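Chemist: First the structure, which I've put down as structure tokens, then a few questions once you've had a look.
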Amino acid sequence: MPSRALLIDAGWRVAVLGGGVAAAGLLLMPLAGFGWRAPAGALAGYGLIAALVLFGLAGHAPHRRFGLANAVTLTRAAGMALLIGILAEGVALAPAARWLIAMGGTAALLLDGVDGWAARKTGLSSSFGARFDMEVDALFVLVLSALVWRAGQAGGWVLTAGLMRYIFVLAGQLWPALAAPLPPSFRRKAICVIEIAVLLAALAPLLGPEAAARLCLAGLALLGYSFLADVVGLAAAARRRAPAVTT
């Protein structure tokens, strides 16, 4: 169980950012002409993220502070919640809105390089922090792929990029070898960053639908290669662990 000090430290940060998401969602109504679905969707998305964060805090033990790194990741997660709110509104995205999302997403992508450094610098690295960062990246890819599809920049197949992580997790439930811990990988992190950058570029109005679709297809192929490499590696590791059969 996480310590009381850790729960308090994480709790107030979650609450403050929740207030920020609520305020930003309400601002979207007059500024972007959105209805109630945008703030409701943003709060629902953030509420789920917050619940998972608090539920998984035991993995951050024995640290008693939430830490700067996790605070940065939580801030990125709050941004994802706002994008969920935009998706929930269900309206066509104007070019100005797409530029705004692309620029905000680029800022979130740059922040992705801060949390790992901050965790090492402050000595607050943990399995919780690593998992939190990975899941926020996966959510980012899913939400961006949905926005690219909503903007008409690629067909529904682009959602495969966002769903790939969750398909991999489901496959691990059916084939336990895929549920084994993955070793750290620069290839995995680099391809994730490239995929996010590809989706942000496809979302921006600078590219037409044909060019954006081709770019997304290339990104999807690269992401598929990364997941295939992990599947092959985990399967090989499972074979090495299996006891030899004697006759």
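Every number in this text was worked out from the coordinates using simple rules, so none of it is lab data. If you're wondering where the values come from, they're calculated on a predicted model, not measured in any experiment. Quick reminder, even Gly has a Cβ in these numbers, built from the backbone with ideal geometry, and neighbours come from all protein chains shown.
Chemist: Between GLU135, GLU195, GLU210, which gets the highest mean-square fluctuation from a Gaussian network model of the chain, Cα cutoff 10 Å?
Modeler: GLU210
Chemist: Right, next: Taking the Cα centre of each part, how many Å lie between the range 1-26 and the range 164-211?
Modeler: That distance is 28 Å.
Chemist: Would you be so kind as to identify all helices of the chain, as entire DSSP H runs, whose Cα atoms reach 30 Å or more along the helix's own axis and whose mean Kyte-Doolittle hydropathy is at least -0.5?
Modeler: The answer, listed by residue number, is 4-32, 68-89, 95-122, 127-150, 209-241.
Chemist: Identify, among ILE49, LEU17, LEU6, the residue whose Cα sits farthest towards the positive end of the charge dipole of the range 1-100, taking +1 on the Cβ of Lys and Arg and -1 on the Cβ of Asp and Glu, with the dipole about the Cα centre.
Modeler: LEU6
Chemist: Here's another thing I want to ask about it. Rounded to whole Å, give me the distance from the Cα center of the range 60-129 to that of the range 214-233.
Modeler: Comparing the Cα centres of the range 60-129 and the range 214-233, I get a distance of 23 Å.
Chemist: Here's something else I'd like to know. Dipole magnitude of the chain about its Cα centre, charges +1 at Lys/Arg Cβ and -1 at Asp/Glu Cβ only, in debye to the nearest 20?
Modeler: 600
Chemist: Exposure proxy check: MET103, MET1, MET134, MET80 ranked by fewest other beta carbons within 10 Å? Walk me through the intermediate numbers first.
Modeler: Working: MET103 12, MET1 8, MET134 16, MET80 23.
Ordered by Cβ neighbours within 10 Å, fewest first: MET1, MET103, MET134, MET80.
Chemist: In addition: So what's the back-of-envelope 222 nm ellipticity for the chain, counting only DSSP H runs of four-plus at -39500 (n - 2.57) apiece and dividing by all residues, rounded to 500?
Modeler: -27000 deg cm²/dmol
Chemist: Please compute the length gained on full extension between LEU206 and VAL193, using 0.36 nm multiplied by the number of residues separating them and subtracting their Cα-Cα distance.
Modeler: Gain on stretching LEU206 to VAL193: 2.7 nm.
Chemist: Let me know the charge dipole size of the range 184-247 about its Cα centre in debye, to the nearest 20, where only the beta-carbon of Lys, Arg (+1) and Asp, Glu (-1) is charged. Please report the intermediate quantities before stating the final value.
Modeler: On the way: 7 positive and 3 negative charges, 84 e Å.
For the range 184-247, the charge dipole is close to 400 debye.
Chemist: If you don't mind, there's one more thing I want to ask. For Cα pairs less than 8 Å apart in space and 6+ apart in sequence, what is the mean separation divided by the residue count of the chain, i.e. the relative contact order in percent?
Modeler: Taking the mean separation of contacting Cα pairs over the length of the chain, I get 18 percent.
Chemist: Let me ask something else. Please identify, among ALA235, ALA22, ALA151, the residue showing maximal mean-square fluctuation in a Gaussian network model of the chain using a 10 angstrom Cα cutoff.
Modeler: ALA235
Chemist: GNM, the chain, Cα, under 10 Å: largest mean-square fluctuation among PRO184, PRO209, PRO39?
Modeler: PRO184
Chemist: Extension gain TYR225-PHE55, at 0.36 nm per residue separation less the Cα-Cα distance, in nm?
Modeler: Contour length minus Cα-Cα distance gives 58.0 nm.
Chemist: In the chain, with Lys and Arg counted as +1 and Asp and Glu as -1 at Cβ, which of these residues, ALA213, TYR225, ALA146, has the Cα nearest the positive end of the dipole, that is, farthest along it?
Modeler: It is TYR225.
Chemist: What fraction, in whole percent, of alpha-carbon pairs in the chain exceed 33 Å separation?
Modeler: Of all Cα-Cα pairs in the chain, 23 percent lie more than 33 Å apart.
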